[in-house]
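Beneath this line is the structure, given in structure tokens, with notes to follow.
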Amino acid sequence: TDVTGKYLYVSEIGYMAAYSINASTGALTPLAAPNLTGTYGGACNNLHLDATGTYLYCAPGPYSSGIRIYSIDPSTGALAMVTELDYQGATDIGVTFNSKYAYVTNREDQTISLYTDNASTGILTSMASNPTLYSQGEPYAIAIDPGDQLAYVVNEAAGLEIMTINTDGTLSYSS
């Protein structure tokens, strides 16, 4: 859901649907133009909002390409394509709660790519230390703690790994 709790976004095979949420009953109503299909609207493996609730990030999965970034119209909930990062095989994206950094997991090449996040445009910029080789196996999913100090990485080969988010946005293994 978006940060206001007014809209819900669901990724399905081949499209993404958007709904408004009735605050009293919780009932869902499809938005007037709920589906994004085709090149920019294919299914997302994982969806994440930025801290402002203005942008929705879509990681399409291990056999697709590109992290898609959508802006959210606050009055209608409609999504508009902002950009697509040329990133093959992204399985998840984690965005810090202060919207300063973003981390993209790639199971196929065993990396976590590092980005700075421009909160006013939603655009992600690759960091100089990009990518970080993830030596613990195949990183599949990532979650950021609300204090922006830790990244929890689920890896298909070895379970859960906790990484520290350094002040410069880089990641290091927790002891």
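What follows is calculated from the coordinates using simple rules that are stated; it is not laboratory data. Just so it is clear, the model here is predicted, and its values are computed rather than measured. As a convention, Cβ positions derive from the backbone with ideal geometry for all residues, glycine included, and neighbour counts pool all protein chains shown.
List of remarks:
- Mean Cβ neighbour count within 10 Å, used as a protection proxy, ranking 151-160, 114-123, 19-28, 95-104 highest first: 95-104, 114-123, 151-160, 19-28
- One chain, two ends: residue 73 and residue 149. Fully extended at 0.36 nm per residue, the span grows by 24.4 nm beyond their Cα-Cα distance.
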